[in-house]
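Student: One structure, pasted below without further comment.
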Amino acid sequence: MGLDLHKLGHLVAVAEEGSFTRAAARLHLSQQALSTSIRALEREVGVDLLERTTTGVAVLPAGEALIADARVLEGVARSALQRARRIGRGEAEVLRIGHTPAVTGDEVTALLRQAHADHPDLATDVNQRYPGELVEQLLAGELDLGLCRAMTPAHGLNRATLVYQRLRVAVSAEHRLADRDVVALSELADEQIVVWGTPGRSGYTDLLVEHCRRAGFEPRTRRNPIQGTPPVTAVLGTDDVAFVTAAPGPAASGKVRVVELEPPTEVPLQALWPTHTTSDARHAFLASFT
């Protein structure tokens, strides 16, 4: 038995919209045609996938499982089509890379330099993506590789650590710690720490919080209201501190100071990619870090 990708797409649309009416409008189908498609899919699978209620539609556990796989299958199909077209047209592969704000442009450049040393002809297209957007585009086949820190791989994605980097502390040039060469992690117990994700919802923030707990204190955190900017700039105009991986010394035109952290603490820089897609360029890139 083969699954119809169109019917799977209909299921995903109904689940995302929570309504047959809205999903039908999105898909440019009549409600009757959409309902017929979903019922046919349920017959093929052999179990109910949705529960129709007076207020909308609830996705049943079997439906949730199929939807998770459907998103993976749609991305694999899209990637396969793009790859066949590229090869048939004789076009060179361009590795499409996304990176979260936790990975700086300088760090991406350093990775690319290492990869290019082994593979000089590797062509890349790099853009910043927020974590949710990164996962969505990887699963949809719109990106080949994602660079991140401590993100739990979603269903259908692989993860590997490329490098470990030294964690440091950034403070404004006027901060009491700015004239220090080294700061002990335990000294940050009374400081407010800027983070980029909400604790409990960001793997990287949770990793930083865990480092603080191991040093004997529960950190006071504040989510940076300005997302997408270089991590060292998070402390500008504040008395906060931020964990960064930038080199020690002045930063942000001298308005920020990056200070070494003791004991030495490292954080991972990781790659995410779709499990079931093929990319020679991605394989070459990853091979440079194994």
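Just so it is clear, none of the values below were taken in a lab; they were calculated from the coordinates. Just so it is clear, the model here is predicted, and its values are computed rather than measured. Positions of Cβ are backbone-derived with ideal geometry, glycine not excepted, and every protein chain shown enters the neighbour counts.
Student: Using the 2.2 N^0.38 Å rule of thumb for compact globular proteins, work out how the chain stacks up: its C-alpha Rg over that value, please.
Tutor: Details: Rg = 23.1 Å, N = 290, 2.2 N^0.38 = 19.0 Å.
Computed over Cα atoms of the chain, the ratio equals 1.22.
Student: Please list the non-local residues whose amide H lies under 5 Å from the amide H of residue 173, H modeled 1.01 Å from N, same-chain partners needing a gap of 5 or more.
Tutor: 256, 257
Student: Given labels modelled 7 Å from the Cα in the Cβ direction, how far is it in nm from residue 118 to residue 176?
Tutor: Computed distance between label sites residue 118 and residue 176 equals 4.7 nm.
Student: Based on the alpha carbons, how large is the Rg to Rh ratio for the stretch 1-143 when Rh follows Kirkwood? Write down the numbers at each step before the final one.
Tutor: On the way: Rg = 19.6 Å, Rh = 17.8 Å.
Ratio of gyration radius to Kirkwood radius for the stretch 1-143: 1.10.
Student: Okay, moving on. Placing +1 on the Cβ of each Lys and Arg and -1 on the Cβ of each Asp and Glu in the chain, which of 114, 28, 128 has its Cα farthest towards the positive end of the resulting dipole?
Tutor: Positive-end residue among those listed: 28.
Student: Check which residues have an amide H placed less than 5 Å from residue 192's amide H, if you skip close sequence neighbours.
Tutor: 241
Student: Can you run phi through the Karplus equation (6.51, -1.76, 1.60; θ = phi - 60°) for the stretch 266-275 and list ³J(HN,Hα) in whole Hz, with x for Gly and Pro?
Tutor: Those phi angles translate into 10, 10, x, 10, 10, 10, 10, 7, x, 5 Hz.
Student: Then there is this: Taking the Cβ-Cβ separation of residue 201 and residue 4 as r and a Förster radius of 45 Å, what is the calculated FRET efficiency to the nearest 0.05?
Tutor: On the way: r = 35 Å, r/R0 = 0.78.
Here the calculated transfer efficiency is 0.80.
Student: Give the dimensionless ratio obtained when the Cα radius of gyration of the stretch 168-264 is divided by 2.2 N^0.38 Å.
Tutor: Details: Rg = 12.3 Å, N = 97, 2.2 N^0.38 = 12.5 Å.
That works out to 0.98 for the stretch 168-264.
Student: How big is the C-alpha Rg of the stretch 5-85 next to the rule-of-thumb value 2.2 N^0.38 Å, as a ratio?
Tutor: Numbers: Rg = 13.0 Å, N = 81, 2.2 N^0.38 = 11.7 Å.
The reported ratio for this selection is 1.11.
Student: Hey, can you grab everything whose amide H is under 5 Å from the amide H of residue 95? Only 5+ residues off in sequence or another chain; H modelled, so Pro and N-termini drop out.
Tutor: 123, 124, 125
Student: OK, next. Take the Cα of residue 109, step 7 Å along the line toward its Cβ, and report every residue of the stretch 215-258 whose backbone nitrogen sits under 18 Å from that point.
Tutor: 229-233, 245-254
Student: Now for a different question. Within the chain, which whole H helices from DSSP have a Cα span along their axis of at least 24 Å and a mean Kyte-Doolittle hydropathy of -0.5 or more, if any? Don't skip to the answer; put the middle values down first.
Tutor: Numbers: long enough: 61-88 (41 Å, 0.05).
Within the chain the helices that satisfy the rule are 61-88.
Student: May I pose another question? Rg to Rh for the stretch 94-249: what is it, with Cα atoms only and Rh by Kirkwood? The partial results should precede the final answer.
Tutor: Numbers: Rg = 16.7 Å, Rh = 16.9 Å.
Dividing the radius of gyration by the Kirkwood radius yields 0.99.
Student: Moving on. Which value in nm describes the separation of the simple spin-label points at residue 16 and residue 158, placed 7 Å from the Cα toward the beta carbon?
Tutor: Between residue 16 and residue 158, the label points sit 2.6 nm apart.
Student: About its Cα centre, how strong a charge dipole does the chain have in debye, to the nearest 20, once Lys and Arg get +1 and Asp and Glu get -1 at the Cβ? Write out the running numbers ahead of the final one.
Tutor: On the way: 30 positive and 36 negative charges, 106 e Å.
I would put it at about 500 debye.
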